[in-house]
1. Note the angle between two axes, namely the Cα long axis of helix 53-64 and the longest principal axis of the Cα atoms of the chain, as a number of degrees from 0 to 90, rounded to the nearest 10.
2. Given that just one value was derived from the coordinates, which of [x] 1.23; [y] 1.02; [z] 0.98 is Cα Rg over 2.2 N^0.38 Å?
3. Using each residue's phi in region 70-75, evaluate 6.51 cos²θ - 1.76 cosθ + 1.60 at θ = phi - 60° and report the 3J(HN,Hα) Karplus result to the nearest Hz, with x for Gly and Pro.
4. Counting other Cβ atoms within 10 Å, which GluC sites (Glu not before Pro) in region 4-98 have at most 15 and lie in a DSSP loop?
5. On a full-extension model of 0.36 nm per residue, what is the gain between Arg20 and Ala67, subtracting their alpha-carbon distance, rounded to one decimal in nm?
6. Kindly provide the trypsin sites (Lys or Arg not before Pro) of region 3-98 that DSSP labels as loop, not H, G, I, E or B, and whose Cβ sees at most 12 other Cβ atoms within 10 Å.
7. Pull out the extension gain between Ala49 and Val30, defined as 0.36 nm times the separation in residues minus the alpha carbon to alpha carbon distance; nm, one decimal.
8. Around Val52, which amide H atoms from residues at least 5 apart in sequence, or from another chain, sit under 5 Å from its own amide H, with H modelled in the peptide plane?
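No lab work stands behind these numbers, since they all come straight from the coordinates. Computed from a predicted structure; not experimentally measured. For neighbour counting, all protein chains shown are included, and Cβ atoms are generated from backbone atoms with ideal geometry for every residue, glycine included.
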Amino acid sequence: MSHASAHGLEPRRAPAWERRAACRTVELEVMYPDRDAVQIKIARDVCAACPVTQACLRHALHAEGRAGARSRYGIFGGLTPQERHAVYLELRRRGITP
């Protein structure tokens, strides 16, 4: 019996959309590029081939909540942290809670 099972804790099973994500087969660092344009393009290319981009973006917007642009990291749904922050602000302006 695993330590987690012994304490009534089971590992989190990824939602179906996460199990279909194109990024699941790439190194984590690929999806968390520095501000380097080439690295960002590589991460965006992964997202461009992904069947669950919209679910990923919805998840990121919800998980990041009110975080500012500097408190968001990685490429999710094909968007940079700054782009996701702008989307979040626009949704809030329209009265939509991500």
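1. Approximately 80 degrees, to the nearest ten.
2. [x]
3. Here the 3J(HN,Hα) series is 7, 10, 10, 9, x, 9 Hz.
4. Working: sites: Glu18, Glu27, Glu29, Glu64, Glu83, Glu90; in loops: Glu27.
Of the GluC sites (Glu not before Pro), the ones in loops of region 4-98 whose Cβ has at most 15 other Cβ atoms within 10 Å are Glu27.
5. Details: separation 47, 0.36 × 47 = 16.92 nm, distance 2.66 nm.
Contour length minus Cα-Cα distance gives 14.3 nm.
6. Working: sites: Arg12, Arg13, Arg19, Arg20, Arg24, Arg35, Lys41, Arg44, Arg58, Arg66, Arg70, Arg72, Arg84, Arg92, Arg93, Arg94; in loops: Arg12, Arg13, Arg20, Arg35, Arg66, Arg72, Arg94.
Hits after loop and neighbour filter: Arg12, Arg13, Arg35, Arg66, Arg94.
7. Working: separation 19, 0.36 × 19 = 6.84 nm, distance 1.44 nm.
Length difference between fully extended and current span is 5.4 nm.
8. Ala22
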